Amino acid sequence: PPRPRPAQPKPNATMSAEKYEEVNAYFRQRMEESRKTWATRGKDARIAAAEARKAGPQTWRQLTGVPLMAHEIKHVGNRPFAWGFATVALATVYISASFSDEAKANSDYWSTFHGTGDKKH
């Protein structure tokens, strides 16, 4: 519900016409600001604001998975961590891929937990 308008001064002997216009302009500006604030209140306004946020560009808080990782890697402070993480990940993939069947057969760990279950020793 709109609020009642505040009493506005009228020019008189103590206030010049310029000052009167300045005060009226100030009150008009404040009234427009108040109307904008009132328009953002209520359930419908919150729903509209949420839809507007979804339609706009994503912030880092809405990113997930690979896009979030790519965003984080772009930050200078995270680059040493990213290089270390990439090095460990690539080394793990290389070691896993180069683990031959012969090496698996000769491995106590592999034969016990992934193979037939027979211990070599």
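The values are calculated or read from the model by the stated rules, or taken from the named source; none is laboratory data. From a predicted model like this one, the values you see are computed outputs, not experimental measurements. Note that we place each Cβ from the backbone using ideal geometry, even for glycine, and neighbour counts take in every protein chain shown. Side chains are part of the model used for accessible areas, which takes the heavy atoms of the whole protein and leaves out ligands, DNA and RNA. Shrake-Rupley method; radii C 1.70, N 1.55, O 1.52, S 1.80 Å.
Screening F99 on (1) over 30 Å from P2 (Cα atoms); (2) assigned to a loop (DSSP other than H, G, I, E, B); (3) open to solvent by 100 Å² or more (accessible area, probe 1.4 Å) shows it passes everything except condition (3). Determine whether A50 is modelled with pLDDT of 85 or more and of a type in the set (A, V, I, L, M, F, W, C). Criteria met by A50. When R79, R41 are screened for being of a type in the set (D, E, K, R) and not in a helix (DSSP H, G or I), only R41 passes. Of the residues making up the stretch 58-73, those that are surrounded by 10 or more Cβ atoms within 10 Å (Cβ to Cβ) and either touching a Pro at 6+ places or on another chain (Cβ under 6 Å) or in a loop (DSSP other than H, G, I, E, B) (or both) are Q58, L63.
So G115 ticks every box in (1) open to solvent by 100 Å² or more (accessible area, probe 1.4 Å); (2) assigned to a loop (DSSP other than H, G, I, E, B) but one. Which box is left unticked? Going through (1) open to solvent by 100 Å² or more (accessible area, probe 1.4 Å); (2) assigned to a loop (DSSP other than H, G, I, E, B) one by one, G115 breaks only (1).
Got at least one residue in the stretch 27-50 being within 15 Å of the chain's Cα centre (by Cα) and surrounded by fewer than 11 Cβ atoms within 10 Å (Cβ to Cβ)? Taking every residue of the stretch 27-50 in turn, at least one turns out to be within 15 Å of the chain's Cα centre (by Cα) and surrounded by fewer than 11 Cβ atoms within 10 Å (Cβ to Cβ).
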